[in-house]
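Student: Quick one: the structure is below, and I'll ask about it shortly.
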Amino acid sequence: MTATCTLTDCGAAPDVEYSMDDYAGPVARWCPGCGDHSVLSAAQRLLATHQMAPEKTVFVSGIGCSSRFPHYLRTYGFHGIHGRALPISTGVKLARPDLDVFAVMGDGDCCSIGAAHWIHAVRYNVNMVALLLDNNIYGLTKKQTSPTTPQGFPSNTQPRGSILPPMNPLSVTLGVTNASFVAQTADWAPQHLYATLDAAYRHRGFAFVRILQRCPIWTASLFRDAVQDPAKVEVLVHEKGIHDATTEAIHTNHLDHDPSDLNAARALAEEGGMRLGLFFHDPTNACYDETRRVPGYTPEDRIAILKRELDRHAV
Amino acid sequence: MTTPTSAPVAAGVLAPESTQVLHVREHCVEVVSDSGEGAQKCGQSFGAVSAKMGNGVWTVEIIPAEIQPPARTPASASGVRIRLGTQAITNWGDHAELVVAFNEQVLLSRHRQEALADDAVILIESMWAEHDNDSIRAAWNAAMEELSARNYRIILVPMEERCLTVVDDPRRGKNMFVFGLLAAIYGRDTERCKAQIAYAFRKKKPEIYERNAELFDLGCAWARENLPFRVEVATEPYTDDMVVMNGNTALGMSAIAAGMDLCSMYPITPATSVSHYLSEVFEDAGGIVHQAEDEIAAVGVAIGASFAGKVAFTVTSGPGLALKTEFLGLAAMTEVPLVVVDVQRGGPSTGLPTKVEQSDLLAVLYGQPGDAPKVVIAPSTIEECFHVLITARRIAEAFRCVVYVLTDANLATGVQPFPRPKPDSNWMAGPPDQDPVPEGARPYDWDDRTGLSRRFIPGQAGGMYTLTGLVHDEDSKVRYATGVNQRGCDMRSRKIAVLQSTLQPPKTHGESHGDVLVVGWGSTRGTIEEAVDRLVSEGHAVSSANLTFLSPLEPGLKDLFARFRSVMTVEVNFSDEKDAPYITDENRRRGQLCTLLRAQTLVDIDCWTRVPGQPLRPADVADAIRANVRSVTADANGDPS
Ligand SMILES: Cc1ncc(C[n+]2csc(CCOP(=O)(O)OP(=O)(O)O)c2C)c(N)n1
Ligand code: SF4
Ligand SMILES: [Mg+2]
């Protein structure tokens, strides 16, 4: 996501230097060991790296554990309603192209109640970063099945095991026309997580990042194997992809994948498995916030248009 | 077969030499065709020219329920009613006195809806009477039989035959022929009519205009040679510059005039045409129409934009309003300024998509779970539609609240001339405040007395906060401590009372005291006032009041009501009939404004409401008021009732 450089943008306090702490809000109240903590740290590091002005940055979220995210940052935040982070973010960005916009969603938020908005946000391809914090469960409301819960995994609403095969957020996103950036990372691979957020931020368009997120309270068993055995994870590598030496050293299973190849990306996503990296990237796709941008106006311009319109309707 | 009393007459047998000229102060004409034959374009053009010539005009669309209803069926009736007057016309009136029908089935539809005056003159396409197809002839004969119950004067017009001299497919063209008929009958200026035709076909090739102008001439000529009557509705030239448009176009212009930059919507009748109009012109003025994936997203995008400093609006109708509910609660809770336009239609559910109703008032007022105070404004004329978003945006920003604008299908499609507004840069929103927030300022720095606070806008240094729909304190921090919710609710509610303290008591139409006061809101205003005028001319002490603000209610209502012996509302929404089975004074469900006013004033207000799927008629409203007057005066005289 690239911020449009308007004059006001460039004039913003060049002498201030923001440290990670400058972006820190109150102490995050997620459970100890919750993967959301690590996403928050990565986001703070990203903000500092790019020296984003806190007042020019907006984090929007829905409702859920993960959606508490904006409260723990010192930027502008919008803690919205369940499932609707994306329409709100779209509105912010349409009105204010000068702001950097991030949406933070849970798997219930994005893939269930907000699924229609997710699909259409991918189509709009508005310049922003969308983070799906996927713990495969409804965390806040205490362990109900989510669209990404693995089949057979018990919850309070499906105690004999999740009934349906899980939805694959990567293939769903890649299936939408105009998808432009689709990546997967994991909270327990902080370097890779950071590198992915950085690539997402630099992307022009709607950057969709699914973050595999541990919830030690409700789904402790789900990512345990992958966390304990780096060999269970495959890292996508390519010169056009996300590159992080630490991750590539820890996880020796590498898969060469060219992220400009949509068909290969779809096939790879469809296969499932624990793969981290950039599945697809096309920065040339049309961005709705750019296509819809209209020149500014003065009140006099508007009055002239109104007069023209009144003339057309004159008696 | 009995001979119809109103047997159709071929126009040729009439003697145009002895042309009668009817001099009237007002006249009501309808044009009806099968859907797709263009009666609406014809009627709207005629209405526009009449307004331009100085007549008061009100036009109402007659809309078929389906997109492609079968031709030659009553369900297919599509058209316009145009009511013309010497003075301003504020409603669609009672009955049509002249009807031009493209076939007998669409005419039957109007007859069955009792839309026509008993002695209406009907001009009807003659081709069906002698049609080759037996069943069509039989249908024609049956229709004439049914129509003979009234004293209609039916005149046959060879529309198809005449149009065939110019076009191959008269289904595309009869409408301009009929425009010509009307122009001749009402003495409309040919130049203006031609200019109107050019406007109607502005997006088509020039040949199309020429062919339609020729059909228009043909219609004029035929009427002059064959019709033995003319109607003259005297015009009084306007002293002001005037404009003419429908309510939805006026709302679109209002958004531009208010300095808004974003209309975020999802298509729904009868609201959509606001966005159709805006889509054509908004970008020239630096704004956009965003068609979202659904109504939830539409309001979400508007809220996002408003949060970011550019007050946006969303426009919808009943079913869409229902979907927006949760977001509207969020906007109330977080004090994000927002304007919501609800162009009401019949409900519940999909209801009557194209028809007028005033049934969303209580849904708007009480539709969100929890306490969600808001402002509700109802324009009552097309002119008010032009100004309403300017007021709505200002209030939304000054009071950090959601402002609902309730119009309806009648205002949406009704066309009326009004004095040309003079656009003013003060109507417009300024650019969002981007100055650093003052040291120590808080995002909800509620003034204890008024509940008002200044809002922080992204981009303002030092103002960073996280807006949340959870219970929050002055710093926008989530807090569940006792007292925090009470205070937030208090502050949000207080603002509505503060706004009320700035409003004027409603003015009465007529005397400020008397026997019966009729209270209404929105598009029924013209109809109610006309009905009241009729009663006053009969010698009754009746007045009316129109409420523009429904939340907060305008001040002084209790005093006003006390000056009348009886108060009733007239509304286009449902109420139980008093004498219906099981209905008692206690369980009776009353009109929505009536319910609200009773609760707020403790006055025993009565109501007369109807949901006919069409605007109320002054005659019916007058009857309802008359009944009320009778019971009031009977009570006063001690008559047993
Ligand atoms: C309209 C609505 N429906 C239901 C809820 C209750 N609710 C709150 S969060 C949530 C699901 C949370 O799961 P997820 O989105 O995966 O986020 P997580 O807590 O796991 O981060 C639900 C169902 C709500 N707040 N609003
Ligand atoms: S319940 Fe799970 S997702 Fe929620 S805060 Fe605790 S660990 Fe994180
Ligand atoms: Mg979850």
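The values are calculated or read from the model by the stated rules, or taken from the named source; none is laboratory data. On a predicted model such as this, the values are computed, not experimentally measured, just so you know. Please note: Cβ atoms are built from the backbone with ideal geometry, for glycine as well, and neighbour counts cover all protein chains shown. Calculation scope for accessible area: heavy atoms of the full protein, side chains included, ligands and nucleic acids excluded. Shrake-Rupley method; radii C 1.70, N 1.55, O 1.52, S 1.80 Å.
Student: Look at the stretch A:102-115 and say how many of its residues are within 14 Å of chain B (Cβ to nearest Cβ) and out of contact with any Gly (no Cβ under 9 Å at 6 or more places or on another chain).
Tutor: Count: 1.
Student: Can you spot a residue in the stretch B:498-521 that is within 14 Å of chain A (Cβ to nearest Cβ) and either surrounded by 19 or more Cβ atoms within 10 Å (Cβ to Cβ) or among the β-branched types (Val, Ile, Thr) (or both)?
Tutor: No, the stretch B:498-521 contains no residue that is within 14 Å of chain A (Cβ to nearest Cβ) and either surrounded by 19 or more Cβ atoms within 10 Å (Cβ to Cβ) or among the β-branched types (Val, Ile, Thr) (or both).
Student: Another question about this same structure. Within the stretch B:499-516, how many residues are touching a residue at least 60 places away in the same chain (Cβ under 8 Å) and either part of a loop (DSSP other than H, G, I, E, B) or more than 17 Å from B:Pro555 (Cα to Cα) (or both)?
Tutor: Qualifying residue count for the region: 2.
Student: Out of B:Val405, B:Val375, I need the residue that is closer than 30 Å to B:Ala497 by Cβ and crowded, with 24+ Cβ neighbours inside 10 Å. Which one?
Tutor: Result of the check over B:Val405, B:Val375: B:Val405.
Student: Those residues that are among the aromatic types (Phe, Trp, Tyr), within 16 Å of ligand 2 (Cβ to nearest atom) and either farther than 18 Å from A:Ser67 by Cβ or within 14 Å of chain B (Cβ to nearest Cβ) (or both), I need them from the stretch A:180-233; list them, please.
Tutor: A:Trp188, A:Phe223
Student: Still on this model: How do the strands (runs of 3 or more DSSP E) wholly within the stretch B:186-285 filter down when requiring 3 or more residues that are open to solvent by 10 Å² or more (accessible area, probe 1.4 Å): which remain?
Tutor: Strands (runs of 3 or more DSSP E) meeting the threshold: B:229-233, B:242-246.
Student: Scan the stretch B:355-364 and give yes if some residue there is in contact with a strand residue (DSSP E or B) (Cβ under 7 Å, 6 or more places away or on another chain), polar (S, T, N, Q) and either surrounded by fewer than 19 Cβ atoms within 10 Å (Cβ to Cβ) or within 14 Å of chain A (Cβ to nearest Cβ) (or both), otherwise no.
Tutor: No, because not a single residue in the stretch B:355-364 is in contact with a strand residue (DSSP E or B) (Cβ under 7 Å, 6 or more places away or on another chain), polar (S, T, N, Q) and either surrounded by fewer than 19 Cβ atoms within 10 Å (Cβ to Cβ) or within 14 Å of chain A (Cβ to nearest Cβ) (or both).
Student: Within the stretch A:100-123, restricting attention to residues that are part of a helix (DSSP H, G or I), among the β-branched types (Val, Ile, Thr) and within 14 Å of the chain's Cα centre (by Cα), which residue is nearest to ligand 1 (Cβ to nearest atom)?
Tutor: If we take residues in the stretch A:100-123 being part of a helix (DSSP H, G or I), among the β-branched types (Val, Ile, Thr) and within 14 Å of the chain's Cα centre (by Cα), then A:Ile119 is nearest to ligand 1 (Cβ to nearest atom).
Student: To continue, here is another question. Go through the residues of the stretch B:112-127 one by one and say whether even a single one is in contact with a Gly (Cβ under 6 Å, 6 or more places away or on another chain) and closer than 30 Å to B:Gly247 by Cα.
Tutor: No: the stretch B:112-127 contains no residue that is in contact with a Gly (Cβ under 6 Å, 6 or more places away or on another chain) and closer than 30 Å to B:Gly247 by Cα.
Student: I've got another one for you. In the stretch B:399-429, what residues are of a type in the set (Gly, Ala, Ser) and at the interface with another protein chain (Cβ under 9 Å from one of its Cβ atoms)?
Tutor: Within the stretch B:399-429, just B:Ser425 meets the criteria.
Student: Restricting to the stretch A:128-176, and then to whatever is open to solvent by 10 Å² or more (accessible area, probe 1.4 Å) and within 14 Å of chain B (Cβ to nearest Cβ), can you tell me which residue is farthest from ligand 2 (Cβ to nearest atom)?
Tutor: A:Val176
Student: Of all residues being in a loop (DSSP other than H, G, I, E, B) and crowded, with 24+ Cβ neighbours inside 10 Å in the stretch A:49-64, which is nearest to the other protein chains (Cβ to nearest Cβ)? Just the residue, please.
Tutor: Step by step, filter the stretch A:49-64, then rank; the result is A:Ile63.
Student: Among the residues of the stretch A:124-146, which ones are closer than 12 Å to A:Met105 by Cβ and within 16 Å of ligand 1 (Cβ to nearest atom)?
Tutor: Passing the criteria: A:Ala130, A:Leu131, A:Leu132, A:Leu133, A:Asp134, A:Asn135, A:Ser146.
Student: Pull up the stretch B:296-326, narrow it to residues that are within 21 Å of B:Glu280 (Cα to Cα) and assigned to a helix (DSSP H, G or I), then point me to the one that is nearest to the other protein chains (Cβ to nearest Cβ).
Tutor: Only one residue fits best here, namely B:Val301.
Student: Could you list, in sequence order, all residues of the stretch A:75-99 that are open to solvent by 10 Å² or more (accessible area, probe 1.4 Å) and either within 16 Å of ligand 1 (Cβ to nearest atom) or in contact with a strand residue (DSSP E or B) (Cβ under 6 Å, 6 or more places away or on another chain) (or both)?
Tutor: Matches in the stretch A:75-99: A:Ile81, A:His82, A:Arg84.
Student: While we're here: Is it the case that the stretch B:470-477 has a residue that's loosely packed, with under 15 Cβ neighbours inside 10 Å and under 30 Å from A:Cys65 (Cβ atoms)?
Tutor: Yes, the conditions are met somewhere in the stretch B:470-477.
Student: Among the residues of the stretch B:519-577, which ones are among the basic types (Lys, Arg) and under 20 Å from B:Arg617 (Cβ atoms)?
Tutor: If the condition is that a residue be among the basic types (Lys, Arg) and under 20 Å from B:Arg617 (Cβ atoms), then B:Arg525, B:Arg534 are the ones that fit.
Student: Between a residue in the stretch B:61-79 that is β-branched (Val, Ile, Thr) and any residue that is part of a loop (DSSP other than H, G, I, E, B), which pairs come within a Cβ distance under 7 Å, given they are 6 or more apart or on different chains?
Tutor: From the stretch B:61-79, the pairs are B:Ile63/B:Thr354.
Student: Just need a number here: residues in the stretch A:270-315 that are open to solvent by 70 Å² or more (accessible area, probe 1.4 Å), more than 14 Å from chain B (Cβ to nearest Cβ) and of a type outside the set (D, E, K, R).
Tutor: Matching residues across the stretch A:270-315 total 1.
Student: Residues of the stretch B:522-531 being open to solvent by less than 20 Å² (accessible area, probe 1.4 Å) and either touching a strand residue (DSSP E or B) at 6+ places or on another chain (Cβ under 7 Å) or among the basic types (Lys, Arg) (or both), which ones?
Tutor: Listed by number, the residues that qualify are B:Gly522, B:Ser523, B:Thr524, B:Ile528.
Student: When you check B:Val121 against the structure, is it at pLDDT 95 or above and either under 24 Å from B:Ala531 (Cα atoms) or open to solvent by 10 Å² or more (accessible area, probe 1.4 Å) (or both), yes or no?
Tutor: Against the criterion (at pLDDT 95 or above and either under 24 Å from B:Ala531 (Cα atoms) or open to solvent by 10 Å² or more (accessible area, probe 1.4 Å) (or both)), B:Val121 qualifies.
Student: Quick check on this structure: which one of B:Gly93, B:Gly180, B:Gly173 is open to solvent by less than 10 Å² (accessible area, probe 1.4 Å), modelled with pLDDT under 95 and not β-branched (Val, Ile, Thr)?
Tutor: That would be B:Gly173, the only listed residue that is open to solvent by less than 10 Å² (accessible area, probe 1.4 Å), modelled with pLDDT under 95 and not β-branched (Val, Ile, Thr).
Student: For the stretch B:452-468, name all the residues that are within 18 Å of B:Asp490 (Cβ to Cβ) and open to solvent by less than 40 Å² (accessible area, probe 1.4 Å).
Tutor: Of everything in the stretch B:452-468, just one residue is within 18 Å of B:Asp490 (Cβ to Cβ) and open to solvent by less than 40 Å² (accessible area, probe 1.4 Å), namely B:Ser453.
Student: Can you find even one residue in the stretch A:33-43 that is assigned to a helix (DSSP H, G or I), surrounded by fewer than 24 Cβ atoms within 10 Å (Cβ to Cβ), facing chain B (nearest Cβ under 8 Å) and within 16 Å of ligand 2 (Cβ to nearest atom)?
Tutor: There is no residue in the stretch A:33-43 that is assigned to a helix (DSSP H, G or I), surrounded by fewer than 24 Cβ atoms within 10 Å (Cβ to Cβ), facing chain B (nearest Cβ under 8 Å) and within 16 Å of ligand 2 (Cβ to nearest atom).
Residue-wise test of (1) closer than 21 Å to A:Gln151 by Cα; (2) away from ligand 1 (no atom under 16 Å from the Cβ).
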{"position": "A:Gln213", "(1), (2)": "yes, no"}
{"position": "A:Pro216", "(1), (2)": "yes, no"}
{"position": "A:Arg224", "(1), (2)": "yes, yes"}
{"position": "A:Asp256", "(1), (2)": "no, yes"}
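Student: Out of B:Ile496, B:Ile457, report the one residue that is assigned to a helix (DSSP H, G or I) and touching a Phe, Trp or Tyr at 6+ places or on another chain (Cβ under 9 Å).
Tutor: Just a single option satisfies the conditions, and that option is B:Ile496.
Residues are listed down the side, and each one gets a yes or a no for (1) away from every other protein chain (no Cβ under 11 Å); (2) within 25 Å of B:Trp58 (Cα to Cα); (3) out of contact with any helix residue (DSSP H, G or I) (no Cβ under 9 Å at 6 or more places or on another chain); (4) not charged (D, E, K, R):
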residue	(1), (2), (3), (4)
B:Glu236	yes, yes, yes, no
B:Asn246	no, yes, no, yes
B:Thr249	no, yes, no, yes
B:Gly252	no, yes, no, yes
B:Ala258	no, no, no, yes
B:Ser264	no, no, no, yes
B:Ala271	yes, yes, no, yes
B:Val274	yes, yes, no, yes
